[in-house]
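Chemist: Questions regarding the structure given below will be posed in turn.
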Amino acid sequence: MLLVLSADHRAHLGCLPRAGSAAVGELGRLALEQLRRGAAPRACEAAARKLNIGVDTIQHGVEGLTYLLTESSKLMISEIDFQDSIHVLGFSDELNKSLLQLYLDNRKEIRSILGELAPRLPSYHSLEWRLDVQLASRSLRQQIKPAVTMKLHLNQNEDQTARVLQTDPATLLHLIQQLEQALGEMKTNHCRRIVRNMK
Amino acid sequence: ILDDPDLKDIDPTVLKHCHAAAATCILEAGKQKADISAISTCLEDCKLDKERIEQFCTEYQKNKDALEILLGSIGRSPLHITDVSWRLEYQIKNNQLHKTYQPSYLVTLNVESSDSGSHPDVSFSCTMEQLQDLVGKLKDAAKSLERATQM
């Protein structure tokens, strides 16, 4: 699958050949930092001074590289497809190789950063449990009522919430049975076939 | 009681008092898990004759278990799990990332609250490993329950 680069994009990346190989390394580093931490105008200014190129050009170059890397990582394009996609920019072989290396080295990290942007439901974090026996209450003395009290820790968008829940022994066994069935589903032929065919 | 034809000859106030007194007596007996002799003694002190005491005790015995269950269910407790539903899905892509190829589970715990009638179900997603962790912990709880009952 080839990446289609717009005219603006190509213009932004156009600064790379003029900048030289050291600059490409520097711009690559800036692009990755931008992905990890967000835009850093001071770093771009420092790079512009060091490489003797205009700040705007550096900025565009970094943005162009960022977009190139994120799109390639998102689509998980192969080496050959990547090379073919940037071929249209008309860069030197050496520059193409550096870009390819930059892509391959950082693909996994970029994918994990992109993975955090997806919509999410509260997700499981952990479970604490405790066995309780109720012996008496205001309405009834001399009871023996076993119960399992649980604290379910969930993550939602970096907030951790804890819910306190309770269940009786019979329901607990039912829960275990149902969830074990759920786990077993991934191992059935049906699911295995789909996973195989989707790759 | 006020509409019962057998009782229409009795003064309504007296009826209400009798009803309240009988209810209180039954509830107290149920709460303390009193046995027949304790109830009989109590009623004797109230100057009821033998026949009435016997009738009362027989009726009480018949409904004792239901009464205990009812009394035991009164009271507050944390949200009580009644059931669980799950869904297994296989993620292919999202708008930020293609070719994700990850199975994931969506689990919903059906929850009942003793106070209000509302059912605030708890839903969460988890990976296969996380679900295994959850099931492992639930099984530990069940095992310790078993051990406790054998003590």
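Chemist: Can you tell me which residue among A:L89, A:L69, A:L65 is touching a Pro at 6+ places or on another chain (Cβ under 9 Å), under 13 Å from A:L5 (Cα atoms) and of a type in the set (A, V, I, L, M)?
Modeler: Matching residue, one of A:L89, A:L69, A:L65: A:L89.
Chemist: Is it fair to say B:V111 is among the β-branched types (V, I, T), closer than 22 Å to A:H190 by Cβ and either more than 9 Å from every other protein chain (Cβ to nearest Cβ) or surrounded by 13 or more Cβ atoms within 10 Å (Cβ to Cβ) (or both)?
Modeler: Against the criterion (among the β-branched types (V, I, T), closer than 22 Å to A:H190 by Cβ and either more than 9 Å from every other protein chain (Cβ to nearest Cβ) or surrounded by 13 or more Cβ atoms within 10 Å (Cβ to Cβ) (or both)), B:V111 does not qualify.
Chemist: If you scan the stretch A:47-62, which residues turn out to be within 17 Å of A:G25 (Cβ to Cβ) and free of Cβ contacts under 8 Å to residues at least 12 places away in the same chain?
Modeler: Those that are within 17 Å of A:G25 (Cβ to Cβ) and free of Cβ contacts under 8 Å to residues at least 12 places away in the same chain: A:A48, A:R49, A:N52.
Chemist: Further, regarding this structure: Picking from B:A29, B:A23, which residue would you name as being exposed (fewer than 12 other Cβ atoms within 10 Å of the Cβ) and either part of a helix (DSSP H, G or I) or out of contact with any Phe, Trp or Tyr (no Cβ under 6 Å at 6 or more places or on another chain) (or both)?
Modeler: Matching residue, one of B:A29, B:A23: B:A23.
Chemist: Just to be sure I understand, how many residues within the stretch B:71-109 are in a strand (DSSP E or B) and farther than 16 Å from A:L152 by Cβ?
Modeler: 8
Chemist: Looking only at the stretch B:72-81, which residues are modelled with pLDDT under 90 and at the interface with chain A (Cβ under 7 Å from one of its Cβ atoms)?
Modeler: Across the stretch B:72-81, the qualifying residues are B:G72, B:I74, B:G75, B:S77, B:P78, B:L79, B:H80.
Chemist: Output the qualifying pairs, or none if there are none: Cβ atoms under 7 angstrom, residues six or more apart or on different chains, first residue in the stretch A:155-172 and more than 7 Å from chain B (Cβ to nearest Cβ) and part of a strand (DSSP E or B), second residue among the small types (G, A, S) and surrounded by 13 or more Cβ atoms within 10 Å (Cβ to Cβ).
Modeler: What qualifies is A:N155/A:S123.
The values are calculated or read from the model by the stated rules, or taken from the named source; none is laboratory data. On a predicted model such as this, the values are computed, not experimentally measured, just so you know. Positions of Cβ are backbone-derived with ideal geometry, glycine not excepted, and every protein chain shown enters the neighbour counts.
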